[in-house]
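Reading through the structure tokens given below for one structure.
The values are calculated or read from the model by the stated rules, or taken from the named source; none is laboratory data. Just so you know, these numbers come straight off a predicted model, no measurement behind them. Ideal geometry is used to build each Cβ from the backbone, glycine not excepted, and the neighbour counts take in all protein chains shown. Protein only, heavy atoms only, side chains kept; ligands, DNA and RNA dropped before computing areas. Shrake-Rupley method; radii C 1.70, N 1.55, O 1.52, S 1.80 Å.
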Amino acid sequence: MRRAIMDMDTWREIFETDLESRGVSDVWNFSVDKNHQQRMGWLQYVQCCFARFWCSICGRSWGSSKVHILFHMSLKKRTGEVRMYAFKQKCKMCTAAIYEEPTFLEENIEIAISNLVNKITQKFYKFPIDNLPRSFITDGQLDGPHDYNNCEACALGICNYYKDSQYSDNWHMLPMRTNQGSEQETRFPTSYTYTFSHQGSLQSQRLAFLDREEPRVEQTPFWILPLIVIAIFVYLASLYCHDNRWPK
């Protein structure tokens, strides 16, 4: 098995080849984000993949099967764009550790791109579902349970949000944890969309609350209440006059 680092050219070449093989004639641009960003109105697609990390301080390496890869996708006027971000991890042995970029097997890059192109052809071109998402390859022994305290995706609440699925997609933003690096509540924006999970077949996972403005509650104009009081008074006065009218 060959190993490939986070090299944008490697991902782009595999992406362009796979997209062309599916018969997509539109132009699609592929790029890798250096930092995690949120893009409103783009389709989000998350995959949870195996990767390895190397500490730039002590040289220690470790493997993780919970490396989340976030793809943002958009298509406008027959020109598409994909922006990818792979969440990082820190070395648990170094007190001054920094977030390190993951290193992927080239086979796993091909699987991730294949799943991505499946999503693009289904969502933007309504192609039939020919291939179900493929499972990733695990290379070597995992280094114990997932290290929540040193995972960037955990710090942002993303690992917890997608903990029951390998593949998920939605049209809005991922949740953001209010206190990064802890296990407390996750904040969701205030609207909703359906999130789907692929594990052998397409099935509904859960309802996620995402971007939408809260419905406005119209306040009653201040002059309405006096009018209501006057109307009630006039009505009661008319009843009184009717019951105590002057004799003929």
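Using heavy atoms of the protein chains and a probe of 1.4 Å, the accessible area assigned to Met40 is about 100 Å². Ser135 exposes around 80 Å² of accessible area when a 1.4 Å probe is run over every protein chain in place. The label point for Asp147 and the one for Thr17, both projected 7 Å from the Cα toward the Cβ, are 3.3 nm apart.
Looking at region 1-108, the trypsin sites (Lys or Arg not before Pro) that sit in a DSSP loop and have at most 11 other Cβ atoms within 10 Å of their own Cβ are Arg2, Lys34, Lys77, Arg78. So which of Lys77/Lys126; Lys34/Lys92; Lys66/Lys92; Lys76/Lys126; Lys66/Lys88 end up more than 18 Å apart, counting from Cα to Cα? Exceeds cut-off: Lys34/Lys92.
Ile98 exposes around 90 Å² of accessible area when a 1.4 Å probe is run over every protein chain in place.
Kindly sort Glu152, Glu110 by accessible area of their heavy atoms, largest first, with the probe set to 1.4 Å.
From most accessible down to least: Glu110, Glu152.
Computed over the alpha-carbon atoms, region 1-96 gives an Rg to Rh ratio of 1.03, Rh here being the Kirkwood radius from the mean inverse distance. When the residues Tyr148, Tyr125 are ordered by accessible surface, computed with a 1.4 Å probe over the protein chains alone, the sequence from largest down reads Tyr148, Tyr125. Put simply, the amide H of Gly80, placed in the peptide plane, has neighbours under 5 Å in Val27, Trp28, Asn29, leaving out anything fewer than 5 places away on its chain. Among the chymotrypsin sites (Phe, Trp or Tyr not before Pro) in region 42-74, none is located in a DSSP loop while being surrounded by at most 13 other Cβ atoms within 10 Å of its own Cβ.
The largest-to-smallest principal axis extents of the Cα set in region 98-160 are 41, 27, 19 Å.
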